[in-house]
1. Helix-only mean residue ellipticity at 222 nm, the chain, DSSP H runs n ≥ 4 weighted -39,500 (n - 2.57), per residue, nearest 500. What is it?
2. Between R236 and Q48, what length comes free when the chain is fully extended (0.36 nm per residue of separation minus the Cα-Cα distance, one decimal in nm)?
3. Please list, or write none, the aspartates and glutamates whose alpha carbon is within less than 20 Å of the alpha carbon of K86, excluding same-chain residues fewer than 8 places away.
4. Quick one: go through segment 263-301 and flag any residue whose amide nitrogen is under 11 Å from the point 7 Å out along the Cα-to-Cβ line of N11.
5. Once you order the gyration tensor axes a ≥ b ≥ c over the Cα atoms, which shape class does the chain get: rounded for a/c under 1.5, otherwise prolate or oblate by comparing a/b with b/c?
6. Efficiency by 1/(1 + (r/R0)^6): what FRET value for S302 and K86, r their Cβ-Cβ distance, R0 = 51 Å, to the nearest 0.05?
7. Check each of the GluC sites (Glu not before Pro) in segment 76-167 and keep only those in coil by DSSP with at most 10 other C-beta atoms within 10 angstrom; list them in order.
8. Each label point is 7 Å from the Cα along the Cα-to-Cβ direction; what then is the distance between the points at K246 and D129, in nm?
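Since every read-out is calculated from the coordinates, none of them should be taken as a lab result. Keep in mind the model is a prediction, meaning the values are calculated, not measured. With ideal geometry, Cβ positions are generated from the backbone for all residues, glycine too; neighbour counts draw on all protein chains shown.
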Amino acid sequence: MANCKPTTTGNVNLAVEVAGMRMKNPMLTASGTFGFGEEFADFIDLEQLGGFIVKGTTLEPREGNPYPRMAETPSGMLNAVGLQNKGVDHFISEIYPRIKDLDTNILVNVSGARIEDYVAVAEKLALLDRIPAIEVNISCPNVKQGGMAFGTTTEGAAAVTSAIRKAWPRTLIVKLSPNVTSIADIAKAAEGAGADSVSLINTLMGMAVDVERRRPCLSTVTGGLSGAAVRPVAVRMVWQVAKAVKIPVIGLGGISSGRDAIEFMLAGARAVQIGTANFIDPQVTVKAIEWMADWCVRHGVSDINDIVGEI
Ligand SMILES: Cc1cc2nc3c(=O)[nH]c(=O)nc-3n(C[C@H](O)[C@H](O)[C@H](O)COP(=O)(O)O)c2cc1C
C-alpha cells in the first residue's frame, strides 16, 4: 500500500482513517469526474490527495448512452453517461501499471448489472496489491429485477454487499443512492451485510427540457443531477446516515471548496469527495485541502478528526 504520509500544515493534523485505509488528508475525488487520475496530473500533484477514485469499472466494456448525455442546469449538471468504460481487464493491464506507484490511495469504483458481475470485478481487483479499497456503486440498474437499482431497497443493497464482501478482502465502501425514501435504512442494510464504510451521495435523478426543440435535453430523458445544487440534500443525508451507522461515512455531493468539505465533516463525514467541481477548476481539490488546514488553524483545531460529526 502507499505510504500516505499525513498532510500536516503547521501543527494541524489532516490525516484520517477510513476502516483501515489510511489517508494523508480527507480529500478524495468522485468516480466518473476524475478519469483515471492521470488526466489531472498536469494540473495538480496527485500525491497531495488523500486518494482518488477511478471511473466506474464494469466486467465488460460499455459504450455508455447515446448523445446528448450532459446538460447544464442552474448550479448543477445532469448526466446520463451510462458508465462508459473499457472494462476491468483494460484497467488492470493498461491503466493500473501506470498509476500504481503513486503515493496516494487509488480506489476503484465497481459497477455492474448483475451481482455476479460485481463479484467477478472485485475478484480481479483483489489480485492488485495497490488498491486499498473499492467503492461499490449500487445505483446501477439490476437487469434481473427489471432495471430497478440495487441500492433502492434494503434487500438489494444487502444482497450485493454481502456477495462482494466474500470476494473483496480489503476496505469495502458501498456508495449509496439518494433516490430512496430512507437512506439511513439502506446504509444500515449495507453495514449489516459487511460494508466497512458508506459513501454518499450518488446523483439525484432529474430531468431538463429544451423548450425551443420541445425535447428532453438528454437522450435518456432523465439523468443524474450533481454539483452545487445537490449539496444541501447531500449534507442532510450524510448527517442522517452518520447518526444511523457505526462505520465511517464518506460525504460528497456538490462540494466545491474547503468550506463545503468542512460542512460535510461537521455533519458526520470522516472523508469527502469532490466530483463535478473538478470540471470547473481542476485544482479545486488541492485548494480545498489548503483551505481546510487554514480553517483548522483559525478554529484552534489541531486534529481534523475532532470535528467529525460535531453537529
Ligand atoms: C459525468 C459523471 C460521471 C459519473 N460517473 C460515476 C460512476 O461511474 N460511478 C459512480 O458511482 N458515480 C458516478 N458519478 C457520480 C459522482 O461520483 C458523484 O457521486 C456525484 O456527481 C455527486 O458529487 P458531485 O456533486 O461532487 O459531482 C458520476 C458523476 C458525473 C457528473
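1. Working: 8 runs with 82 residues, N = 311.
Dividing the helical sum by the residues of the chain leaves -8000 deg cm²/dmol.
2. Working: separation 188, 0.36 × 188 = 67.68 nm, distance 2.85 nm.
Extending this stretch completely gives an extra 64.8 nm.
3. E38, E39, E60, E63, E94, E116, D117, E123, E135
4. 300-301
5. Values: a/c = 1.35, a/b = 1.21, b/c = 1.12.
Here the chain falls in the rounded category.
6. Values: r = 45 Å, r/R0 = 0.87.
The computed FRET efficiency comes out at 0.70.
7. Details: sites: E94, E116, E123, E135, E155; in loops: none.
Taking segment 76-167 and a limit of 10 other Cβ atoms within 10 Å, no loop GluC sites (Glu not before Pro) are found.
8. 3.2 nm
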